[in-house]
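One structure is given below, encoded as structure tokens.
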Amino acid sequence: MPAPKVVPKLLEIHGHVRTDNYLWLNEQDNPDVMAHLEAENQYTKEMTAHTRELERTLFEEMKGRIKEDDSSVPYKKDGSIYYTRLEEGQEYPIYARRERSMDAPEAIMLDVNELAKGHGFLAVGGVSVSSGQDILAFTQDTVGRRVYETRFKDLTSDTILPDVIPNVTSNIAWAEDNKHLLYARQDPDTLRWYQILRHALGTDSSRDVLVYEEVDEEFSCFVFKTKSKRFLMIGSEQTLSSEYRYLEATNPTGSFAVFLPRERNHEYSVDHYEDKFYIRTNDGARNFRIMETPISNTAMETWQELIPHREDVFVSGFELFSDHLVVAEREDGLTQLRVIPWNGSDEHYIDFGEPTYWAGIGINPEFATKTLRYNYTSLTTPPSVIDYDMNSRKSRLMKRDEVLGGFIQENYETERLWATAQDGVLVPISLVRRKRQGHEGPNPLLLYGYGSYGISMDATFDSGRLSLLDRGFIFAIAHIRGGQEMGRWWYEDGKLLKKKNTFADFIACAEHLIEQGYTSSDLLYAEGRSAGGLLMGAVANMRPDLFKGIVAAVPFVDVVTTMLDDSIPLTTSEYDEWGNPNEKEYYHYMLSYSPYDNVEPKDYPNILVLTGLHDSQVQYWEPAKWVAKLRDLKTDDNVVLFKTNMEAGHGGASGRFRRLEEKALQYAFMIDLAGSTIEP
């Protein structure tokens, strides 16, 4: 691979001078930049030519496990039955409904396959039916930068209406007058959601009314309707603070009232039922608690506690029913669903019966029901939808994703391990592999991690992953700090000036798996995406000797340069996640771990890097610069491969089968390095 041209640029801040030889790669309109990306793609194509047949085999395996003609579990709302379905050979879903029962004729609301014709990329964001049940609003992105246009369809006449709202977000909410739609619009430069507007059906979008503008550059705003459909809500949030406004949904042209003014370090969220608002809040509660207040007065002094704070249990959400309150919690890194009757009778937790898993509240649009719908999956259990009778405590499996190709769940086993971090903290690991059949010794192992934004990486099923497991690989998830698996403190201990705990935890998990004989450094692979790509870059610098290969997708690796540029999407809103490098302390701390800034002359593992040209969250030039610097400085003969999807953004390729092509490339990269000859 020929080295890119070097255009040194000196960057000075806080009296410190950095040289950035590859800053020119952020010039997207520069033909040399596009030529460089195309050259990298060609190089990757040539260097993986010998695994092309393996990629095709993997792709066909993964595709062959998918039931192509499938549908979601229907749910009832406003007298209609809603569901999505997929047809054989089609990439995208069809949104449909039936009146009153599944025996009624099907009405197709939206066929995304038709929308996708002529586009290399298509993503549908918000899909919402008006209160009169006759107008569908939907948003579509044909580039991958998460800039949408909103369209409308008359479901009675089955025709697309002339109304078009261009260059907006996917966030939409109908008022209850069957005429007005509220939506969020992003700043055209930073893509921050900063305005809420109101559209009157049948009018030109240029006449839409600005309802609210978020002037604080650290906050983003959004709009939604409460489960009761009585109130429209505007939320404003940043990493540490929240603020909500509310308005009767039957009066969308009225004025929103502030629910509770924002305060630094106070996060809260709101829903409504009958004469009360219900609030999840961290006021005086690091792991959050649940409160209630009358709709007539939302001042904090009127709030009454329903679920108190606990040091060892994190409250992640709740669902309201006429006779029950369901609380989603985390304890010891595992999700729990707690069922609490309003009448004061005994509460209980749902038993899931596996050592590591994920469970979450599903689609529950109705209040007057004793049935809770929840979702469940584990590393060996395909995604499942379960209806749970909250009175009898009996479960009914409504659907478990069918895995074709001879999948037998009992052939696989899961474990939960604990690694000891450098500061003595125990870090959980979830692991899955084929059941051992008498053979011992290290196996090729893929260790996955994320560790940012308080987002927990739970133990979920992936049918594509079977192509690794059936070739002798073990798959493991490192539940590292920066996520929220172990409660709020787990997140706070892996951000800002404690960010390096995230990387140290991942390294500790890798070392533990090697020490326990699951794998060896010659057979260990690591994967991370987005902020998980930052993790990959950091551990590649810190402990390159631990890994045979690393896969970094849309990796956030140029931390300092990006966080110094407040014109880039997400920068100002994330100062409380990473720190503000305009402050000297944060600048030097970021500089000490930023993957791009810490590449140095030494041996590195084999590395595969993937990105999307239109990525709005991690700009393509971050991985492009990182790869260029690695090529310039590394001292080994290991490969560095870089592929840019020229038609996609942060989420990668659109369509259920196109995504498998990217996964096949990643798996072939690792299998080839492992030299695994085990056939599925």
Going through the range 522-549 in order, the residues found to be within 23 Å of the chain's Cα centre (by Cα) and small (G, A, S) are A526, G528, S530, A531, G532, G533, G537, A538
By residue number, the members of the range 333-366 that are in contact (Cβ under 8 Å) with a residue 60 or more places away in the chain and more than 22 Å from the chain's Cα centre (by Cα) are E354, P355, P365, E366
Evaluate the range 385-398: report whether one residue or more is within 29 Å of R471 (Cβ to Cβ) and surrounded by 17 or more Cβ atoms within 10 Å (Cβ to Cβ).
no
Scanning the range 1-32 for residues that are part of a helix (DSSP H, G or I) and touching a residue at least 60 places away in the same chain (Cβ under 8 Å) gives L23, L25, N26
Checking S228, S242 in turn, the sole residue that is under 26 Å from the mean Cα position of the chain (by Cα), at pLDDT 95 or above, within 30 Å of S131 (Cβ to Cβ) and of a type in the set (G, A, S) turns out to be S242
S467: passes all of (1) over 18 Å from the mean Cα position of the chain (by Cα); (2) in a loop (DSSP other than H, G, I, E, B); (3) not hydrophobic (A, V, I, L, M, F, W, C) but (2)
In the range 615-637, anything without any contact (Cβ under 8 Å) to a residue 60 or more places away in the chain and not in a helix (DSSP H, G or I) is listed as K634, T635, D636, D637
When restricted to E243, E292, E305, E311, the only residue more than 27 Å from A359 (Cα to Cα) and of a type outside the set (V, I, T) is E243
For helices (runs of 4 or more DSSP H) lying entirely in the range 474-543, having 2 or more residues that are within 27 Å of G441 (Cα to Cα) picks out 500-515, 531-542
Exception for G125 within (1) within 23 Å of G89 (Cα to Cα); (2) in a loop (DSSP other than H, G, I, E, B); (3) touching a residue at least 40 places away in the same chain (Cβ under 8 Å) falls at (2)
| Is it the case that the range 319-339 has a residue that's in contact with a Pro (Cβ under 6 Å, 6 or more places away or on another chain), crowded, with 20+ Cβ neighbours inside 10 Å and in a loop (DSSP other than H, G, I, E, B)? | yes
Within the range 544-569, residues part of a loop (DSSP other than H, G, I, E, B), under 20 Å from I13 (Cβ atoms) and either among the aliphatic types (A, V, I, L, M) or not assigned by TED's automatic domain parsing to the domain that holds H512 (or both) come out as V557, I568
Of (1) over 20 Å from T420 (Cβ atoms); (2) in contact (Cβ under 8 Å) with a residue 40 or more places away in the chain; (3) not β-branched (V, I, T), D462 fails just (2)
- Query: Somewhere in the range 553-568, is a residue surrounded by fewer than 20 Cβ atoms within 10 Å (Cβ to Cβ), modelled with pLDDT of 95 or more and either touching a strand residue (DSSP E or B) at 6+ places or on another chain (Cβ under 7 Å) or within 24 Å of M34 (Cβ to Cβ) (or both)?
  - Reply: no
Taking the range 157-174 and keeping only residues that are in contact (Cβ under 8 Å) with a residue 24 or more places away in the chain and under 31 Å from the mean Cα position of the chain (by Cα), one is left with D163, V164, I165, P166, V168, T169, S170, N171, I172, A173, W174
Note: among L426, L468, just one is touching a helix residue (DSSP H, G or I) at 6+ places or on another chain (Cβ under 7 Å), hydrophobic (A, V, I, L, M, F, W, C) and not assigned by TED's automatic domain parsing to the domain that holds G317, namely L468
Just one listed residue, out of N606, N598, is at pLDDT 95 or above, polar (S, T, N, Q) and over 25 Å from V33 (Cβ atoms), and it is N606
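The values are calculated or read from the model by the stated rules, or taken from the named source; none is laboratory data. Since the model is a prediction, treat every value here as computed from it, not as a measurement. Neighbour counts run over all protein chains shown; Cβ positions are idealised from the backbone, glycine included.
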